[in-house]
Amino acid sequence: MATLQQLQNAIFERIGEPLPDLTGYAHLPDLVEVPAYYVEPDRQFLDYEVAFQSGMGEYKLLITVLVDKIDEEKAQQDLEPYLDPFGPFITALRAQHVGDTLDNLTNGFVEVTHADGYGYCWDKQHQTVYYGAQIHITVRA
């Protein structure tokens, strides 16, 4: 069974390859350079009963995508390509890449379930407002 950290790193690697202009973080960063994404566990991130029954963990992960909040209309325009179901960001998550770390850990099971949290995101630590959304994924490993 893969560890949570291994899965976060593998997702980070997979997205970063086709989208080099997007700053990526495998974990919640101390400081964000937008446009950016980071990978973290979702609120309820592991179902132990699934793991006990199948020998595989079913992990729920959250990918937060952030853009600069110059003005609301510009921010929405900048964010939209990352949320497009057929755009390069979601396609990178869903596509099987034979031999990459994520495929090796999950046997190709990566499900992009939904997005939410669309709008302003407040970074309390740095007193900064971003615009963003959260993409929920499920992986089995």
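Of all residues in the range 82-117, which are open to solvent by 50 Å² or more (accessible area, probe 1.4 Å) and in contact with a helix residue (DSSP H, G or I) (Cβ under 7 Å, 6 or more places away or on another chain)? Break it down into steps so the answer makes sense when it comes.
Taking the range 82-117 as the starting set, the residues that turn out to be open to solvent by 50 Å² or more (accessible area, probe 1.4 Å) are 84-86, 88, 91, 94, 96-99, 101, 104, 107, 109, 111, 113-116.
Result: 84, 96, 97, 101, 115.
Residues to consider are 28, 61; find the one that is aliphatic (A, V, I, L, M), open to solvent by 40 Å² or more (accessible area, probe 1.4 Å) and either out of contact with any Lys or Arg (no Cβ under 6 Å at 6 or more places or on another chain) or closer than 15 Å to residue 115 by Cβ (or both).
Sole residue among the options that is aliphatic (A, V, I, L, M), open to solvent by 40 Å² or more (accessible area, probe 1.4 Å) and either out of contact with any Lys or Arg (no Cβ under 6 Å at 6 or more places or on another chain) or closer than 15 Å to residue 115 by Cβ (or both): 28.
Do we have residue 21 as surrounded by fewer than 16 Cβ atoms within 10 Å (Cβ to Cβ) and more than 13 Å from residue 93 (Cα to Cα) here?
Against the criterion (surrounded by fewer than 16 Cβ atoms within 10 Å (Cβ to Cβ) and more than 13 Å from residue 93 (Cα to Cα)), residue 21 qualifies.
Taking the options 51, 10, 75, 36, name whichever one is of a type outside the set (Lys, Arg) and closer than 16 Å to residue 101 by Cα.
Unique residue meeting the criteria: 10.
Note down all Cβ pairs under 6 Å where the first residue falls in the range 18-36 and is among the β-branched types (Val, Ile, Thr), the second is open to solvent by 40 Å² or more (accessible area, probe 1.4 Å), and they're at least six residues apart or on different chains.
23/33; 34/68
Could you please let me know if residue 12 is in contact with a strand residue (DSSP E or B) (Cβ under 9 Å, 6 or more places away or on another chain), farther than 20 Å from residue 120 by Cβ, part of a helix (DSSP H, G or I) and among the aromatic types (Phe, Trp, Tyr)?
Here the answer is yes, as residue 12 does meet what is asked.
The values are calculated or read from the model by the stated rules, or taken from the named source; none is laboratory data. Nothing here was measured: the structure is a model prediction, and the numbers come from that model. Note that we place each Cβ from the backbone using ideal geometry, even for glycine, and neighbour counts take in every protein chain shown. Side chains are part of the model used for accessible areas, which takes the heavy atoms of the whole protein and leaves out ligands, DNA and RNA. Shrake-Rupley method; radii C 1.70, N 1.55, O 1.52, S 1.80 Å.
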